[in-house]
Each structure stands twice: as C-alpha cells, then as structure tokens.
Amino acid sequence: MLEEILKKYEVVIGLEVHAQLKTKTKLMSAAANVYGAPPNSAVSTPCTGMPGALPTLNKEAVAVAVQMGLALDCEIQPVSIFSRKHYFYPDLPKGYQISQYDRPYALKGGVSFFYNNERKTINLTRIHLEEDAGKNLHFDDRGISLVDLNRSSVPLIEIVSEPEIRSPLEAAAYLKALRLVLRYLDICDGNLEEGNFRCDANVSLRIRGASAFGTRVELKNINSFRNLEKAINYEIERQHQVIEAQEKVIQETRLWDADKNKSISMRSKEEAADYRYFPEPDLLPLRISSAYIETQKRKLPELPMARMARFVEDYARSPYDAEVLCASVDLANYFEVVAKSAGDFTMASNFIQTNVLAKIANVETDFKSFYPDAKALGDLLLKVIDKTLSLNMAKEVFEEMLSSKKLASQIIQEKNLFQVTDEGALKVALQKVLDENPGQLTDYRSGKDKLFGFFMGQAQKALQGKASPAVLKGLLERMLKGE
Amino acid sequence: MGRLVDLKKAYADKKTSPRETLLDLFKRIEKLNPKLNAYLEIFKEEALKASDNPRAGSLSGIPIGIKDMISIEGHELNASSKILKGYRAPRSATVTEKLANAGAIFTGRLNCDEFAMGSSNENTSFGPVLNPNDLSRTAGGSSGGSAAAVRADLCVGSLGTDTGGSIRLPAAFCGTVGLKPTYGRVSRSGVIAFASSLDQVGPLADDAQDTAEIFQVIAGRDERDATTLPVATGDYVGAAKIGNLKGLKVGLPKEYFVKGGLSPDIEKLTQQSIEALKKEGAVFSEVSLPHTDYGIAVYYLVATAEAASNLSRYDGIRYGKRAKDFKSMKDLIVKTRSEGFGAEVKRRIMLGTFALSSGYFDAYYSKAQFVRSKIQQEFLDAFQKVDVIFAPVSPTTAFKIGEKSSDPLQMYLCDIYTVCVNLAGLPALSFPIGDDAKGLPVGAQFIGAPFAEETLFSALAGFEKAAPYKRRSLEC
C-alpha cells in the first residue's frame, strides 16, 4: 500500500524536536532541575508564577544550548530575544511560556548521519531556547485534577528541521542521529518515553516532480521511534485517501494514539490559538560574543559523525560497524581500548558486536559497571591471537568472566585451558571417532557432506573442546580423503 | 512626626526612641486612617516589637509604609485587588529586604489603585484614599496611600511604584516629594508587575534629604532582576544635603508649556519656581520634545499590552481568590478573573490583549515601541544640552472623588506630563512648589538623564533652599 503510494507521491517531512537540557537548575529560576521528585518539591517563586517573581536566565542552559548549536554547525546569533507565548492552562503558571520566537539563538546548521551506508545531511531551520510547562495530573476516580510544577521552567531546546526528510525511516534515522549528538554532549537523556526528548512531525504529500509543497499536517504525541514511523505511515495513507477522493488536506494538528494506532484531529488552523507573542520585558536580549562561542567550541567532545568516520578510517570498519560501535560514547570508548590492546580490529569489533552487546541492555548506562571491562576483554582477545585459545574457547572464558568477575588469565590457569594444536594427539582422537562411527563414515563417503561437522564435534567433545579448530579441520579433511 | 533626618538625629541624641516614636505613630494612624484609608493593614504588633531592638543601619528604627504592590515576607499582598485576597508573600521583595536590613520598620501596607492602574486611587477593591489636604478630593494614584500617609504623618517615608506617574502624581496632589528612579536602578524583584518595561519602585517623603535617605538604601543592581543595570550607585544623600543650582542647565520643554495646558494657579506657581531657580544661578533654555503628544497613546498601548500579559498569572489555580461553582478548567479561570478583577483592570487587559493580537501587533504594539524609541531619543538629545528638565507634574491639582471616574480618557490625560519619563526610562523627582487658591498642593518635577539621580537631588535641595514649601499643618 505505502510503496504504491510513494511511487506516485513524494512525502515531505519536517521534524520539530524538543530536548530537555540536563542542567543543575531551571531555565528561569534557581529551583533544581530534577526528574521524579515529589510533586511541587523542586520549585521556587519564578517557576510557580508568584506575584512579583522575575525570571533569571540560567547561564549553564545557554552554554549547553550553544554547544548543541555548534555541534550541529548552526550560526550562533550575536543577539537573540526571549518572547512571551500566552495561553491559559493550569500547568502554565505565569499564563505565558518564555520562549524564543522571531529571534532564536541559532540558525541553519544540519544533522548528518549514515543512511543506507551513505552520509546524509538534513538541514536545520533553527534551534531556540525555551522553558517547559508543568504537568496536570488528572484523578478521574476522585474527580480532581492537580498540578505539578516540578517541570515548569525546565530548559528545552527546540530543534526545527527543514522539510527535507523523505521517508518515515529517514525521519527515524534523523531523530536517532540528533539524539546521539545530544547524548555525546551529555546534555539530554534523549528518552522519548520519559518525555525529556519529544518529537512533532510535519507531514505533507505531493505528486512526484511537483515543486510546491502540499498542505502540511502536524503530528503530536509521538513517544517512540516506532510510533514516529507508524504515525507518519498512517498520515501518508490518510492524506493519500483524502487527495485521491479529490478532497483537500486540511492544515491541522493531529494527536497520535499509540494504543489505537491512529491519529485524531486536535485542532485546525482556524482554531489555532493566538499566542500574542511579544518580547519578554523582564529579560535583556541574549548577547553571545564570538569569544564565548570559541570557549564553548573548545568544550565540544568528538561528535558522533566524526567518530564514525574515524572508525571507518582508523579501524577499517564499514559504516554499519562504525554506526553500531558509536551508538554511545561508552561503547565507542570500549571498542577503542579493546581494539588497540588486542591489535585485531575486526576481531574486536566482531567479538563486541556478537558477545558483549548481547549482554548490554542499555549502551548509555550499562558500560559503567560492565565486566569484562575493555582492558580485561582486550587481554582475553590476546589469548586468541597468541593461539592459546580458540575463539569458541574465548567465548566460554568470556561467559566465565561475566559471572566470576575474574581475569581471563586466571580462568585459563584454573581450568587449565589451552588449545591443542599438536597434530599427533588430535590424529589419535580423530581416528578414534572414525573407528567408533563406521555407519556415519560410510554415509559421509556416499555424499553426506554435512557429517563433517559431526566428526568435528565428536572429536572436540573427546578433547574437552580444546582442539584448535583450524588444525583439527585440516587433519580431518586429510584423513577423510584417506591420506 | 517630622522629617526622617530629624528623627535619625533625635534617635542619635536619645531625645526619643523608636518605640516611643512608633507608639505615637500608631496612635495617629488609628485616629486618622479611618478617614484617609491610606493603610489597608497596619503591622502594629510586629513594628512595636521590632522597635525594641531595631537593626542597626542608616534607617534604624525609621517607620516606613509600603505600597500594597511590594512583597514583605509572610505578609498579605493584594495589589488592592480582590483577586489576591488571602495571598501571602513567600519572600520579601529585594527593596523591602534592603530596607529591613538597613533597620527600617514597616508600619503597614498602603492602599493603591488595583494593580497600580489608575491616577486617583479610586480603582481599589478597598475604598479610595482621600487627600489629607481636602478629604473630598483624591490623593492621586496609583500610589495614593503612599503619598497620603507621608503627608498626613502616618509614616516618615514610604515606597510607591511608578509606571506612568504613579509616584509623582500622588506626591504632587498630596504635597510630598516622590522619586521615579531610572529604569533599571531599583530592583523589581518581588514587586507585583503592572507593566514590566515601565515599572520602577521609588521613595516618597517630605523633602529631598528624606527621599534620598530611602533611595540610597534601595538603589542598586540585583541578581534577581535582569533589568537592573550594573551602574555604580551615587551619593544621593550627600547630593541632597549640599544642593547647588549655580550654573545648573535647566531645560524647559516647549511642548509642556503650551497655552492653556496648565490651570492658571499651576501656571503662576510654575513661573515663580522658574524665577526662584534662576535667581539661584540656574540657567534656563528651551528644549523640544516633539513626540510628547503621542506619549499618552504610546503609553496606554505598551502599558496595557504588558499588563494583560503580566496579569495572566492570576487564574485562581495556585493562590488568591478562586471562583466557586465552576464547570470546567476554563470556566474556573474565566469566572475567577471575571469576579476578581475590577473594571479598570479588565478594561486594560482587554486593551492590551487586543494590542498584542495577531494581525494588530504591528499596527499597535510595534508602532508604539517605535514611537517610544523616538521619545527616548528626543530626551537623550535634550540632555546633550541641559542637565535637567523642569516640567509640571499634572495639569490640575487634586480633583474631587468621582469627578473623573466615569470618563477613563479624562483620567488617562492626568498622566500627560508623567508618562514620557517612564517611556524613556528616565529618573524624575516630583516636589511641591506651593498651594493653589484652594490650598491644594501644586507639584513640579525635575527630569534627569539616565542614572542622574544625584543631579536631581542636588537640584531639589537647591530649590528647597531658594523657595521652601510651606506645609500647612493638617488636622484632617
């Protein structure tokens, strides 16, 4: 269905992403910026809208916002302006949100990522800094609603892309790349489910080859990467139906309902609120000097795309490998230490991807306490390289290291592990296997090639798995040929 | 009660004690306040307790009244509005914190126009303030309680707020001195906002020295108010003591002295004041402020737009009044605001909301800000030529209660000589220059360049020596 539609139509997607910044205090008040504290315990007079309370801009929030702008190659504006965006809602204590409107602090820039093994860049329109609202909590059973203002005035940056995304998968790739930059900078947790990372999608369709955009629809309430794809897919099909029925797509905001797998109309353009923006008179214009920008630039870590490119270059990885290994700073660091100490980059990459990542549920957090740590794993792989262990044996030692927290060398010594490469000993064992299984031997010789593995397995079993697979294999081949 | 500086001396000479002073003061308040309605609440017990052992400082034991727009920790704060009934300030404003640290004793909360919106102190939920010079007349607004209390000796000095003349007009109507400081000189933190880009807190007292003593304490940069500027404070007390008019270049804006602009008595007293200043060596010249005519229009667009925004927070959700019998969240907010705000406040919220609406923003708010910058530039140009500008405060003396309350536009025109100062962010010092034929005080103002408060105090001190204002003793 979708493929058919996309043969005739092109989908045009732009994303508006809100990222909560992990600062010590809030954007406009000295209250702590914490998640999960008891309701209304992390508040002060400005973020609860007390009479006479004035906003004071958090310098740390400006610093990290500027870092994000620099990480995405934005043009940091020497002067930007905070405005008030007005609407009445119980979770908005001042009756307005302080946000940058027509003069944001960062313009242009872009987000780059590997897509289908190629480097792709989606350009940005802008990034602006604003404060979050509180939360309304509804207790239907008690017939009451309560307000929690802990989130009120938590700093947010809104990153707005150009409408350059052309598929739901590309949208997800863009969003992941953006999140990775935030995580590399360690300025946002990037968790869609917890709401510290939020995404709205503007979606429209046009006949392929058309230059004008179709009418766009804004999708809200997308709380996972899967739902981003699903919501856009649903919207493509919905708009397609409207267009094919010779009707007009209405400019509106639609809410994605993840339980029902559909979106519902929230408001049309005509019903859109008049936010009555005007420059916030309680704050001076935000001035950012070029010296300040240089200072923030020096604080930037190596960014994901640069690191991936370096992994391709320095460690001869494919873009795919590089992407997997750069999924978090901790993972990338882990790989680099293992690769350098083992000296075999491919082995390090493969071992980490197949064995280590199988044990890691969260690449962001789990490496902090993971054992075997990079040094220990590097030492283990050295034992494969010096042929003390086969790769299979190394996997067993790895499992043992996980549970016992011992060093590889210790386990090898305790279990008296070594790889048997002596052809004489292996030949005796193999001969015994062939002698004990005459039926299989006859079958093998009449063409059942698969039985090669059976003989290998039996021999390894007899040798407690210590046989060097390579030596054993060569010997068996020769013996079966009757040499 | 007398002057602040005299009281300081009396304390120093042990002629009287803060406790004796406050006992007398509260006696007087209890006698006169029922007539004047200057105080909404008195802090008698707390003040007397504090008077036993006042904190040391430049205002140690000095009784100061505070306009009901300024937070004092633990005390109710209403902005003279029903919508804030029951609200207690969780922390003090920077200015009251500074006064308390300097040893001042707060006498109580002073009546004002609701959210400081008004020129006569009639727009209050708690009854108008009456003028101590004539109880049938208004005390001026919005800081009517602050001016009336000083004039009637119900405190030694007070704090008011001035958004478009709210300190200077009541000071003129009641016969006191009042300072509207440079925008950014005094912290607004903890002060209920009316129009954020115009509001300033300032002192009211009997004369230049008393006013300077209070201003010296409250002036200065504050981390809690981003719009306060890192400009060093001056020696205001020193300037007000010395006073010097010799060679002072005084500008007279020709637009402020058009024929028929002032009532004849005010015109006469103003001319006499100019002569007195000249005699002491001040050099007068004409300056031009051609956009003055647009002042009222610009002011009522900017002030109402900001007010509509600032008053959004009074929604009945977190504090103050909440309407009963609401059907929904929206209904709760609409009902609370409909019941809680007075007519003038609602009028300004409507005006301001309209001025900021999409489609009207450019024609009204942006245009107003553009003209505002012209007004500001004209003043700055004038201050290239002169040290201060001398101007009237009001076209008339205090008018009768109810005389203008049915005609908002007439009421807005009271501010014609005051609003441009706020639009330009300048300091201006209002002071009495005499009484009209009815015995009502007439005021004038010195307007200064940004942060030139020292110059203003020095000019006023000089004027006070040249033409001292003879205060009638008032028995109300």
Residue check: is residue B:410 away from chain A (no Cβ under 14 Å), farther than 26 Å from residue B:245 by Cβ and surrounded by fewer than 22 Cβ atoms within 10 Å (Cβ to Cβ)? yes
Only one of these conditions is not met by residue A:21: (1) surrounded by 17 or more Cβ atoms within 10 Å (Cβ to Cβ); (2) more than 14 Å from chain B (Cβ to nearest Cβ); (3) in contact with a Ser or Thr (Cβ under 7 Å, 6 or more places away or on another chain). Which number is it? (3)
Across segment B:165-187, what is the total count of residues that are touching a residue at least 60 places away in the same chain (Cβ under 8 Å) and touching a Ser or Thr at 6+ places or on another chain (Cβ under 8 Å)? 16
When residue A:424 is run through (1) closer than 27 Å to residue A:355 by Cβ; (2) without any contact (Cβ under 8 Å) to a residue 24 or more places away in the chain, the failure sits at (1)
Among the listed residues B:352, B:316, identify the single one that is within 28 Å of residue B:430 (Cβ to Cβ), in contact with a Ser or Thr (Cβ under 6 Å, 6 or more places away or on another chain), within 14 Å of chain A (Cβ to nearest Cβ) and crowded, with 20+ Cβ neighbours inside 10 Å. B:352
Restricting the search to segment B:445-468, which residues are of a type outside the set (Gly, Ala, Ser) and in a loop (DSSP other than H, G, I, E, B)? B:450, B:451, B:468
Kindly indicate which of B:64, B:72, B:83 is more than 12 Å from chain A (Cβ to nearest Cβ) and either farther than 25 Å from residue B:140 by Cα or not acidic (Asp, Glu) (or both). B:64
Condition first: in contact with a His (Cβ under 9 Å, 6 or more places away or on another chain), in contact (Cβ under 8 Å) with a residue 40 or more places away in the chain, closer than 30 Å to residue B:261 by Cβ and surrounded by 17 or more Cβ atoms within 10 Å (Cβ to Cβ). Can you find one or more residues in segment B:295-302 that meet it? yes
Segment A:271-311, subset within 30 Å of residue B:223 (Cα to Cα), charged (D, E, K, R) and in a helix (DSSP H, G or I), residue nearest to the other protein chains (Cβ to nearest Cβ): A:294
With A:407, A:331, A:391 as the choices, which residue is crowded, with 18+ Cβ neighbours inside 10 Å and either modelled with pLDDT under 95 or of a type outside the set (Phe, Trp, Tyr) (or both)? A:331
Among the candidates A:287, A:276, which residue alone is loosely packed, with under 13 Cβ neighbours inside 10 Å, under 30 Å from residue B:226 (Cβ atoms) and in contact (Cβ under 8 Å) with a residue 24 or more places away in the chain? A:287
Which residue out of B:369, B:376 is more than 14 Å from chain A (Cβ to nearest Cβ) and either surrounded by fewer than 21 Cβ atoms within 10 Å (Cβ to Cβ) or of a type in the set (Lys, Arg) (or both)? B:376
Here is a list of conditions, (1) modelled with pLDDT of 95 or more; (2) farther than 22 Å from residue A:184 by Cβ; (3) away from chain B (no Cβ under 14 Å), and residue A:133 meets all of them except one; can you say which number that is? (3)
Given the residues A:329, A:338, A:312, A:324, which is the only one that is touching a Gly at 6+ places or on another chain (Cβ under 6 Å) and not hydroxyl-bearing (Ser, Thr, Tyr)? A:338
Checking the conditions here, which among B:201, B:250 is within 14 Å of chain A (Cβ to nearest Cβ), among the aliphatic types (A, V, I, L, M) and touching a strand residue (DSSP E or B) at 6+ places or on another chain (Cβ under 6 Å)? B:201
Listed by first then second residue, the pairs whose first member lies in segment A:385-399 and is over 17 Å from residue A:341 (Cβ atoms), whose partner is modelled with pLDDT under 90 and assigned to a helix (DSSP H, G or I), with beta carbons under 6 Å and at least 6 positions apart or on separate chains, are A:390/A:469
Can you tell me which residue among B:363, B:308 is surrounded by 16 or more Cβ atoms within 10 Å (Cβ to Cβ) and either assigned to a helix (DSSP H, G or I) or more than 9 Å from chain A (Cβ to nearest Cβ) (or both)? B:308
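If we keep just the residues of segment A:32-43 that are in a loop (DSSP other than H, G, I, E, B) and surrounded by fewer than 22 Cβ atoms within 10 Å (Cβ to Cβ), which is nearest to the other protein chains (Cβ to nearest Cβ)? Full working, then the answer.
Here is the first cut: in segment A:32-43, the residues in a loop (DSSP other than H, G, I, E, B) are A:33-43.
Restricting the remaining residues to those that are surrounded by fewer than 22 Cβ atoms within 10 Å (Cβ to Cβ) gives A:34-41.
Details: A:34: 20, A:35: 22, A:36: 22, A:37: 18, A:38: 17, A:39: 13, A:40: 10, A:41: 15 Å.
Only one residue fits best here, namely A:40.
Does residue B:129 meet the test of being within 14 Å of chain A (Cβ to nearest Cβ) and out of contact with any Asp or Glu (no Cβ under 8 Å at 6 or more places or on another chain)?
no
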Scan segment A:44-95 for residues that are more than 7 Å from chain B (Cβ to nearest Cβ), under 14 Å from residue A:147 (Cα atoms) and touching a Pro at 6+ places or on another chain (Cβ under 9 Å) and report the count. 1
Quick check on my filter: what residues within segment B:323-338 are away from chain A (no Cβ under 11 Å) and assigned to a helix (DSSP H, G or I)? B:331, B:335, B:338
Of the listed residues (B:260, B:295, B:320), the one being in a loop (DSSP other than H, G, I, E, B) and more than 30 Å from residue A:148 (Cα to Cα) is B:260
I need the helices (runs of 4 or more DSSP H) fully contained in segment B:1-67, keeping only those with at least 1 residues that are closer than 21 Å to residue B:177 by Cα and in contact (Cβ under 8 Å) with a residue 40 or more places away in the chain. B:4-12, B:18-36
Taking the criterion of being part of a helix (DSSP H, G or I), within 24 Å of residue A:65 (Cα to Cα), touching a residue at least 12 places away in the same chain (Cβ under 8 Å) and of a type in the set (Val, Ile, Thr), would at least one residue in segment A:156-178 satisfy it? no
Being part of a strand (DSSP E or B) and either touching a His at 6+ places or on another chain (Cβ under 8 Å) or among the acidic types (Asp, Glu) (or both) is the filter here, so list the residues in segment A:105-143 that pass it. A:106, A:118, A:130, A:131
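The values are calculated or read from the model by the stated rules, or taken from the named source; none is laboratory data. Nothing here was measured: the structure is a model prediction, and the numbers come from that model. Ideal geometry is used to build each Cβ from the backbone, glycine not excepted, and the neighbour counts take in all protein chains shown.
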